[in-house]
Amino acid sequence: MDRETLRGTLATLDESAGFLLAVIAGLFLSLRALEQQRAQVCGLLDGSGTSSGPSVFPLRRTAGCITVGALGYFLCLSARTLHQAASGTPAAQQSACTDLIAAALVFAAAVLRLENLGGLPCDAPPQADQPSLTRVSSPVTALR
C-alpha cells in the first residue's frame with residue numbers, strides 16, 4: 001500500500017473510533033436511565049418513593065439519537081466499503097455485502113427503538129400516550 005492509502009485508512013480508523021465512543025456514550029446514558037428507573041421502582045417497593053420522579057425518556061431519547069447517528073456513520077462506511085469491493089475478489093464483495101446488510105439491520109433496529117420512545121425529535125417533550133412509571137401495567141413494560 002502506498003502512503004496516501006495508509007493515511008486514508010488511518011483517518012477512517014480514527015473516525016470509526018470516535019463513532020464507537022459515541023455508541024459507548026449512548027450505552028452509558030441508557031444504563032443511567034435504567035439505574036434511575038430501577039431506583040424509582042425500588043422506592044415504590046419499599047414505600048420510600050413515589051411514582052413521580054424524573055422521567056427516563058429524555059435520557060433514553062438522547063441515547064437513541066447518539067446511537068442512531070453513530071450507526072448511520074457505520075452504515076455509510078459499509079456502503080463505501082461495498083463500493084470499493086466491487087473491483088475486488090468475489091469473497092471481498094460477499095463480505096462487504098454481508099457487512100452492509102448487517103449495518104442496515106442494526107441501523108433500522110436503532111431507528112425503530114428511537115421511534116418507539118416517542119419519535120425522532122430528540123428535544124420533544126414526552127407525549128401523553130407515552131408510557132411512564134405511573135402508567136405502566138407491568139414491570140417488563142416499565143423497563144423498556
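Where a number appears in this text, it was derived from the coordinates with a stated rule and is not lab data. In this text, all values refer to a predicted model and were calculated from it rather than measured experimentally. No Cβ is skipped: glycine too gets one built from the backbone with ideal geometry, and neighbour counts run over all protein chains shown.
A few notes on this one:
- Each other residue within a Cβ distance under 15 Å of ALA92 adds +1 if Lys or Arg and -1 if Asp or Glu, for a net charge of 0.
- Around LEU21: net Lys/Arg minus Asp/Glu count, Cβ-Cβ under 12 Å: -2
- From phi via Karplus (6.51, -1.76, 1.60), per-residue ³J(HN,Hα) for the range 64-80 in Hz, x at Gly/Pro: x, 5, 4, 5, 4, x, 5, 5, x, 4, 5, 5, 5, 4, 5, 5, 5
- Amide H contacts of GLY118 (H built 1.01 Å from N, in plane; Pro and chain starts excluded): no residue 5 or more places away or on another chain comes under 5 Å.
- Annotation: amide H-H contacts under 5 Å for GLY49 (H modelled 1.01 Å from N, sequence separation of 5 or more, or interchain): LEU44.
- Whole-Hz couplings from phi, Karplus 6.51/-1.76/1.60, listed for the range 95-100; x for Gly and Pro: 5, 5, 5, 4, 5, 5
- Model label points for LEU6 and LEU44, set 7 angstrom from Cα along the Cα-to-Cβ axis, are 5.9 nm apart.
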